[in-house]
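The values are calculated or read from the model by the stated rules, or taken from the named source; none is laboratory data. Predicted, not measured: the structure shown is a model, and the values here were computed from it. With ideal geometry, Cβ positions are generated from the backbone for all residues, glycine too; neighbour counts draw on all protein chains shown.
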Amino acid sequence: MKVVILAGGLGTRLQEETHVKPKPMVEVGGRPVLWHIMKIYAHFGFREFVVALGYKGGVIKEYFLNYRHRDSDLVVKLRSGEIKVSGGGDIEDWTVHLIDTGQNTMTGGRIKRASEYIGDEPFLVTYGDGVADVDVSGVIDLHRKQGKKATVTAVRPPARFGEIYFEEGAPRTVSKFEEKPQTDSGWINGGFFVLEPSVRDYIADDSSIFEREPLQRLAQEGELSSYLHYGFWQCMDTVRDVETLQKLWREDEAPWKLW
């Protein structure tokens with residue numbers, strides 16, 4: 001299966017970083033979060049990616065164009081322009097399609113455009129700003145077993161603030177304080193989709209938001225299954241999220257580092 005990564009959003013809640021680069025290029029441990037996501041999939045054997053570009057997509061193109069040069073030793077002959085590359089033997093064996101899907105295209109539109117490069121076969125989709133220790137093979141196995149047109153990974157993220165529990169009948173007496181517990185508000189969309197090619201028919205055009213009409217219709221028709229992920233999941237929406245991921249990586253406690 002090929003992996004579609006949605007990497008074209010504006011990242012408005014992370015403007016400290018995204019005024020110069022797209023959100024998937026914000027770094028964790030010296031590597032773009034996009035690279036971390038790709039490493040997760042590659043760990044399960046999926047090494048062909050279709051990256052749906054939009055806002056500042058040229059930054060992502062330049063990163064992959066210079067990928068081998070960045071991690072290798074170079075000899076440059078200035079007069080001829082000849083470049084000799086040595087080292088870099090541990091470069092990932094990936095195929096990366098970098099597809100311009102429009103500056104203002106919504107998530108559904110990006111999926112539909114990117115899926116044109118896949119053909120008539122199931123494919124994987126995720127967002128370019130979230131990491132998890134999700135069992136991708138398990139998601140695919142569930143998708144095949146359920147026989148639905150789409151499967152979404154459901155997650156229960158940690159709360160952003162500590163929760164205070166009160167004694168019954170005594171609202172000023174604290175019975176339990178839990179710092180940043182897992183939210184009790186329910187399951188949310190964590191990405192890491194598996195989609196059949198027929199899902200394209202649920203997407204009208206570039207203005208289609210995948211999380212609205214397409215997924216809602218699939219659910220109404222009984223064609224949407226869910227893989228429940230109980231492990232680690234973290235999106236990267238704010239500077240605080242970036243700092244959380246940086247700290248985990250720096251302390252060698254990054255749960256998503258499956259490789």
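Checking the structure you have, find out if any residue of the stretch 59-75 is in contact with an Asp or Glu (Cβ under 6 Å, 6 or more places away or on another chain) and touching a residue at least 40 places away in the same chain (Cβ under 8 Å). The answer is no, given that none of the residues of the stretch 59-75 is in contact with an Asp or Glu (Cβ under 6 Å, 6 or more places away or on another chain) and touching a residue at least 40 places away in the same chain (Cβ under 8 Å).
With respect to being farther than 18 Å from ARG212 by Cα, out of contact with any Cys (no Cβ under 7 Å at 6 or more places or on another chain) and of a type in the set (A, V, I, L, M), VAL131 fits the description. Against the conditions (1) surrounded by 13 or more Cβ atoms within 10 Å (Cβ to Cβ); (2) within 13 Å of VAL4 (Cβ to Cβ); (3) without any contact (Cβ under 8 Å) to a residue 60 or more places away in the chain, TYR41 satisfies every one except (3). Taking the numbered list (1) in contact (Cβ under 8 Å) with a residue 24 or more places away in the chain; (2) within 23 Å of THR18 (Cα to Cα); (3) touching a Pro at 6+ places or on another chain (Cβ under 8 Å) in turn, GLU196 passes all entries but (2).
Conditions (1) at pLDDT 75 or above; (2) surrounded by 12 or more Cβ atoms within 10 Å (Cβ to Cβ); (3) part of a strand (DSSP E or B), marked per residue:
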| residue | (1), (2), (3) |
| --- | --- |
| SER137 | yes, yes, no |
| LEU142 | yes, yes, no |
| THR153 | yes, yes, yes |
| LYS176 | no, no, yes |
| SER185 | no, no, no |
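Before we move on, is THR12 of a type in the set (S, T, N, Q), touching an Asp or Glu at 6+ places or on another chain (Cβ under 8 Å) and either closer than 24 Å to GLU196 by Cβ or exposed (fewer than 15 other Cβ atoms within 10 Å of the Cβ) (or both)? So THR12 does not fit the description; no. Could you give me the residue pairs with C-beta distances under 6 Å whose first residue belongs to the stretch 218-229 and is under 14 Å from HIS143 (Cα atoms) and at pLDDT below 95, whose second residue is among the polar types (S, T, N, Q) and not in a strand (DSSP E or B) wherever it lies, and which are 6+ apart or on separate chains? These pairs meet every condition: SER225/GLN146.
In this structure, VAL199 does not satisfy being at pLDDT 95 or above, under 14 Å from the mean Cα position of the chain (by Cα) and surrounded by 13 or more Cβ atoms within 10 Å (Cβ to Cβ).
When you check VAL75 against the structure, is it of a type in the set (A, V, I, L, M) and in contact with a His (Cβ under 7 Å, 6 or more places away or on another chain), yes or no? Judged against the criteria, VAL75 is not a match.
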